[in-house]
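Each remark here refers to the structure printed beneath this line.
The values are calculated or read from the model by the stated rules, or taken from the named source; none is laboratory data. Quantities reported herein were computed from a predicted structural model and do not represent experimental measurements. Note that we place each Cβ from the backbone using ideal geometry, even for glycine, and neighbour counts take in every protein chain shown. These area figures cover heavy atoms from the full protein model, side chains too; ligands, DNA and RNA do not enter into them. Shrake-Rupley method; radii C 1.70, N 1.55, O 1.52, S 1.80 Å.
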Amino acid sequence: MNFSAQPTRRIASNLLWTFGGIVRNPLLTLGPDGRVLAVESCPEPDGLAATEFYSGLLVPGFPADYRTAFERLCGDSATPLPELLAQTVTPGGVLVVISGLDYDSLRLTPESLIRKL
């Protein structure tokens with residue numbers, strides 16, 4: 001038997017940002033290297049074994065220096081977050097979750113936080 005293969009990781013959230021738009025109730029399957037392998041919709045992730053849930057907006061491809069990039073986003077409260085992310089996301093970046101959003105306008109608030117996953 002080969003036990004060296006690392007398991008995949010499943011992460012659910014309220015929202016997922018993509019270049020094609022916002023995905024509601026996403027369930028991401030990540031490979032051992034952190035790459036997104038699959039995106040599904042899962043309105044009730046509570047019943048799924050071995051699934052992490054993070055409240056907020058998942059953003060794959062965020063710059064590796066995510067804290068500095070997030071501070072720049074926070075400086076522009078007039079622009080909707082999806083537009084800011086389209087200018088910020090880079091291939092090969094990291095997966096983050098942004099919480100504390102105004103979900104109606106999809107804008108950052110003073111309570112917004114970022115966390116690298």
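Looking only at the stretch 66-117, count how many residues are closer than 16 Å to Leu15 by Cβ, part of a loop (DSSP other than H, G, I, E, B), among the polar types (S, T, N, Q) and open to solvent by 30 Å² or more (accessible area, probe 1.4 Å).
Qualifying residue count for the region: 2.
Being at pLDDT below 95 and over 15 Å from the mean Cα position of the chain (by Cα) narrows it down to one of Gly47, Gly92, Gly21, so name that one.
Of Gly47, Gly92, Gly21, the one residue that is at pLDDT below 95 and over 15 Å from the mean Cα position of the chain (by Cα) is Gly47.
When residues of the stretch 25-65 are filtered for being in a loop (DSSP other than H, G, I, E, B), under 20 Å from Tyr103 (Cα atoms) and open to solvent by 40 Å² or more (accessible area, probe 1.4 Å), how many remain?
Qualifying residue count, the stretch 25-65: 3.
Which residues, taken from the stretch 73-111, are in contact (Cβ under 8 Å) with a residue 40 or more places away in the chain and of a type in the set (Gly, Ala, Ser)?
Answer for the stretch 73-111, where residues must be in contact (Cβ under 8 Å) with a residue 40 or more places away in the chain and of a type in the set (Gly, Ala, Ser): Ala86, Ser99, Gly100.
Among the numbered criteria (1) among the charged types (D, E, K, R); (2) at pLDDT 95 or above; (3) touching a Pro at 6+ places or on another chain (Cβ under 9 Å), which one does Glu40 miss?
(2)
Residue by residue through the stretch 61-77, note down the ones that are within 16 Å of Gly34 (Cα to Cα) and touching a strand residue (DSSP E or B) at 6+ places or on another chain (Cβ under 7 Å).
Phe62, Ala64, Tyr66
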